[in-house]
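Below is one structure, written out as structure tokens; comments come after it.
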Amino acid sequence: MARIGFAGLGNMGGPMARNLVKAGHQVAVFDIVPDLVARCVAVGALAAGSAADAARDADLVVTMLPAGQHVRDAWLGVGGMAAASRPDAVLVDCSTIDVATAREVAAGCGRAFLDAPVSGGVMGAENATLTFMVGGPDAAFAAAEPILKQMGRAAIHCGGAGAGQAAKACNNMILAATMIATCEAFVLAEKLGLTHQALFDVVSKSSGQSWSVTTYCPVPGPVPASPANRDYAPGFSAALMLKDLGLAAEAAAQTGAETPMGAKALELYRAFVDAGNGGKDFSGIIRTLRT
Ligand code: NAD
């Protein structure tokens with residue numbers, strides 16, 4: 001049993017914190033929304049009065065917050081979690097943020113710090129099947145890994161500070177590009193008189209295969225659990241995909257990497273979100289391709 005502090009109990013953090021309680025840990029929780037704290041207390045978590053209080057005395061402290069500014073403020077701001085935590089605590093940020101801020105917080109917090117963004121979405125958080133992509137020191141990863149695996153099925157140590165966020169940005173840039181290409185192929189198939197099922201059967205066993213086809217097929221039918229079968233209710237929202245593509249574009253600009261497909265995906269998702277589809281699943285972008 002470890003003592004764990006957890007701040008940020010939203011769509012992802014709430015179920016993650018509850019899974020740590022279920023695993024038998026003592027979990028002190030905080031969110032600025034009291035109802036979200038109450039949902040965790042109902043299953044056995046301890047309510048903390050502030051993020052710093054959640055961090056105090058914990059062996060491991062976790063944040064799951066919206067964006068980089070929230071993460072910087074929560075850890076390094078006045079009354080921040082880093083200063084409140086024990087000097088030997090392991091600090092873990094699971095939010096998706098930019099690489100530069102992750103490195104800044106890791107350098108500024110004066111403790112062993114891991115950036116550990118996740119893949120797997122809300123279902124993955126609820127079912128403890130997330131994948132963690134982790135950056136930071138070896139010893140901190142070794143200490144955190146067993147606990148991360150109680151919230152997910154894999155934790156991959158990608159390198160030093162910021163490496164987890166770098167892996168997440170690269171992964172989601174691939175995901176956006178393959179989803180758009182998959183949507184284009186299904187729309188082309190419709191115009192050529194090919195059924196959705198026929199294209200799925202071929203592509204899922206051929207070189208066009210990807211997660212966007214076999215797990216998350218953007219048309220209803222071939223994969224019954226995909227969001228296309230429920231009017232593109234998320235899933236993984238287009239707004240979050242746009243956020244992640246923005247982080248990838250920022251990283252590309254800072255490093256001088258050429259990412260023309262990533263840039264095009266960003267442009268298409270920005271138009272999709274601006275048209276009022278931010279709350280739809282990101283696979284719903286297929287609708288904008290049918291003219
Ligand atoms: P969310 O908005 O549902 O949850 C964020 C929570 O942080 C909110 O409950 C908010 O009240 C709380 N919060 C904000 N400032 C705080 C503070 N100072 N102290 C304590 N709590 C504070 O967002 P989410 O969907 O849970 O996403 C969290 C992170 O995970 C984001 O960085 C997101 O990009 C990433 N992510 C989300 C998904 C997904 O499918 N939702 C998938 C992968 C990664």
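A139: away from the ligand (no atom under 15 Å from the Cβ), touching a residue at least 24 places away in the same chain (Cβ under 8 Å) and open to solvent by less than 60 Å² (accessible area, probe 1.4 Å), yes or no? Criteria not met by A139. Of the set (1) of a type in the set (S, T, N, Q); (2) more than 21 Å from L148 (Cβ to Cβ); (3) open to solvent by 60 Å² or more (accessible area, probe 1.4 Å), all apply to N127 but (2). Given the structure, is V21 open to solvent by 20 Å² or more (accessible area, probe 1.4 Å), farther than 22 Å from D115 by Cβ and in a loop (DSSP other than H, G, I, E, B)? Spelling it out, it is not the case that V21 is open to solvent by 20 Å² or more (accessible area, probe 1.4 Å), farther than 22 Å from D115 by Cβ and in a loop (DSSP other than H, G, I, E, B). From A83, A100, A28, A52, which residue is touching a residue at least 60 places away in the same chain (Cβ under 8 Å) and not in a loop (DSSP other than H, G, I, E, B)? Unique residue meeting the criteria: A100.
Among residues belonging to region 88-97 that are in a loop (DSSP other than H, G, I, E, B) and away from the ligand (no atom under 12 Å from the Cβ), point out the one that is farthest from F132 (Cα to Cα). Among those residues, the one meeting the criterion is D88.
Please verify whether S85 is modelled with pLDDT of 95 or more and more than 14 Å from the ligand (Cβ to nearest atom), treating the condition exactly as stated. In short, yes. Only residues that are in a helix (DSSP H, G or I), within 11 Å of the ligand (Cβ to nearest atom) and not basic (K, R) were counted in region 56-76, giving 7.
Sub-7 Å Cβ pairs linking a first residue in region 9-20 that is in contact (Cβ under 8 Å) with a residue 40 or more places away in the chain and near the ligand (Cβ under 6 Å from one of its atoms) to a second residue that is hydrophobic (A, V, I, L, M, F, W, C) and part of a helix (DSSP H, G or I), at least 6 apart or interchain, are L9/A17; L9/L36; L9/V37; L9/C40; G10/L36; N11/V122; M12/V122; M12/A125, ordered by first then second residue.
Quick grid of which residues meet (1) away from the ligand (no atom under 16 Å from the Cβ); (2) assigned to a strand (DSSP E or B); (3) under 21 Å from S95 (Cβ atoms):
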position	(1), (2), (3)
K205	yes, no, no
Y216	no, no, no
A225	no, no, no
A228	yes, no, no
M241	no, no, yes
A252	yes, no, yes
L266	no, no, yes
R270	yes, no, no
T288	yes, no, no
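The values are calculated or read from the model by the stated rules, or taken from the named source; none is laboratory data. Predicted, not measured: the structure shown is a model, and the values here were computed from it. Counting neighbours? That spans all protein chains shown, and the Cβs are built from the backbone with ideal geometry, glycine included. For accessibility, only protein heavy atoms count, side chains too; no ligands or nucleic acids. Shrake-Rupley method; radii C 1.70, N 1.55, O 1.52, S 1.80 Å.
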